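See below for the structure under consideration.
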Amino acid sequence: MLAHLDRAAYLLGREVETDGRHHRVWLRTRNLYYPCVEHILTAAPALANDKTYRSFERAWLAGLNGPAQLSLSF
């Protein structure tokens with residue numbers, strides 16, 4: 001799986017980030033304001049539990065749209 005992750009990183013022009021145990025390729029990093037999203041490729045065990053809830057798609061779309069402009073004012 002790490003070889004596949006390395007290949008994906010190469011094809012995307014990205015680097016594999018590792019902390020020694022976890023290996024990631026960042027496709028989108030989160031911003032400072034909520035709602036926000038992050039998107040990574042990673043290698044994980046085949047039996048990892050799905051962490052997607054029913055509200056995920058709506059929350060993901062809200063994060064992609066980013067915060068309302070007024071929420072950025074101080």
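Here residue 60 passes the criteria (1) at pLDDT below 85; (2) open to solvent by 100 Å² or more (accessible area, probe 1.4 Å) except the one numbered (2).
Note on the range 40-55: residues that are within 26 Å of residue 65 (Cα to Cα) and within 14 Å of the chain's Cα centre (by Cα) amount to 5. The condition of being within 17 Å of the chain's Cα centre (by Cα), part of a loop (DSSP other than H, G, I, E, B) and not small (Gly, Ala, Ser) holds for only one of 25, 37, that being 37. Checking the structure you have, find out if any residue of the range 6-21 is at pLDDT 80 or above, part of a loop (DSSP other than H, G, I, E, B), touching a Leu at 6+ places or on another chain (Cβ under 8 Å) and open to solvent by 80 Å² or more (accessible area, probe 1.4 Å). Yes, the range 6-21 contains a residue that is at pLDDT 80 or above, part of a loop (DSSP other than H, G, I, E, B), touching a Leu at 6+ places or on another chain (Cβ under 8 Å) and open to solvent by 80 Å² or more (accessible area, probe 1.4 Å).
Listed residues 41, 27; which is under 15 Å from residue 9 (Cβ atoms) and in contact (Cβ under 8 Å) with a residue 24 or more places away in the chain? Break it down into steps so the answer makes sense when it comes.
On the way: 27 fails: in contact (Cβ under 8 Å) with a residue 24 or more places away in the chain.
It is 41.
The values are calculated or read from the model by the stated rules, or taken from the named source; none is laboratory data. Remember, it's a predicted structure, so these values are computed and weren't measured experimentally. Positions of Cβ are backbone-derived with ideal geometry, glycine not excepted, and every protein chain shown enters the neighbour counts. All accessible areas refer to the heavy atoms of the entire protein, side chains included, with ligands and DNA or RNA removed. Shrake-Rupley method; radii C 1.70, N 1.55, O 1.52, S 1.80 Å.
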